[in-house]
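Here the structure comes first, spelled out in structure tokens, and everything after it is commentary.
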Amino acid sequence: MLLERKGVDWKIDDKEVVLSNVELGKGKWGRVSVGTFRRCSVAVKQMHQEIITQQHIWRMDREIYILSQLHHPNIIKFIGAVFDMSFNRMIITEIMDISLLNAYENQELTPDLSCRPAILSIMCDIAQGLNYLHCLPDPVIHHDIDSDNVLLKSVGGRKWKAKISDFGSANFVRLSYNPYPGAIAYSAPETERGLYEQLYKKQTPKIDSFSYGILLCEAITCQFPEPTLFQSLLQKVQLSSV
């Protein structure tokens with residue numbers, strides 16, 4: 001097992017983590033809540049109890065392992081994890097102020113020219129985070145780059161520090177096939193399972209680059225990508241000779 005190979009210096013006793021009722025986010029695999037660890041506010045990710053299977057346990061263990069290897073100012077800081085041989089899993093990370101998605105929705109960021117420096121800084125942060133992942137000795141593909149998985153911390157005024165979060169879909173390039181692509185509107189055509197099997201190609205970091213391009217267009221316009229466009233793009237790729 002991945003976690004058995006690397007020791008347990010990240011292991012946290014579940015008694016040290018106090019959960020609150022404040023929910024930061026929820027997805028199909030789990031939810032993220034505000035918690036307290038050693039008197040500090042943290043973000044706590046847990047799986048939905050009703051969908052726990054051995055596959056989901058393995059998926060979360062992989063996320064813990066990958067996060068434990070990452071150290072970069074534009075990657076969410078991993079603090080530790082609650083891990084035992086039962087179904088109890090919690091991922092503890094630093095807590096941020098807001099997601100890029102929420103910044104659009106709350107009009108913290110707008111297409112106005114006055115926001116361009118902040119948007120440029122955020123996109124540079126994301127690019128640096130992705131470059132770090134892709135240039136590791138054992139490169140990592142995030143597989144789920146979208147505005148909901150970019151978290152922001154205010155650094156004063158209208159300036160933000162951006163960090164890539166949610167590594168639930170991430171994997172190493174050497175183990176690159178992922179049957180669970182991220183948000184469809186941001187997904188590269190080759191992540192579609194049928195096309196992948198048809199072309200027999202390994203998934204590469206270019207998947208994240210495609211998603212970053214969509215995110216860049218979203219950042220400039222402050223308009224969300226249209227999911228139905230993915231299907232038309234996919235059809236064009238499937239009909240081409242590529």
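Annotations for the structure displayed:
- Evaluation of GLY129 against (1) assigned to a loop (DSSP other than H, G, I, E, B); (2) at pLDDT 95 or above (one fails), failing number: (1)
- Number of residues in segment 70-85 that are more than 23 Å from SER20 (Cβ to Cβ) and modelled with pLDDT under 95: the value is 1.
- Listed by first and then second residue, the pairs linking a residue in segment 122-143 that is in the same structural domain as ILE207 (by TED's automatic domain parsing) and on the phi < 0 side of the Ramachandran plot to a residue that is among the acidic types (Asp, Glu) and surrounded by 18 or more Cβ atoms within 10 Å (Cβ to Cβ), with Cβ atoms under 9 Å apart and 6 or more places separating them unless they lie on different chains, are LEU130/ASP208; LEU133/ASP208; HIS134/ASP208; ILE141/ASP208; HIS142/ASP166; HIS142/ASP208.
- Scanning segment 39-68 for residues that are in contact with a strand residue (DSSP E or B) (Cβ under 8 Å, 6 or more places away or on another chain) and without any contact (Cβ under 8 Å) to a residue 40 or more places away in the chain yields HIS48, HIS56, ILE57.
- Qualifying positions in segment 126-166 - among the charged types (D, E, K, R) and over 19 Å from GLN69 (Cα atoms): ASP146, ASP148, LYS153, ARG158, LYS159, LYS161
- Some residue of segment 177-185 being part of a helix (DSSP H, G or I), touching an Asp or Glu at 6+ places or on another chain (Cβ under 8 Å) and either over 24 Å from TRP29 (Cβ atoms) or at pLDDT 95 or above (or both): no
The values are calculated or read from the model by the stated rules, or taken from the named source; none is laboratory data. Remember, predicted model here, so these are calculated numbers, not experimental data. FYI the Cβ positions are ideal-geometry reconstructions off the backbone, even for glycines, and counts take in every protein chain you see.
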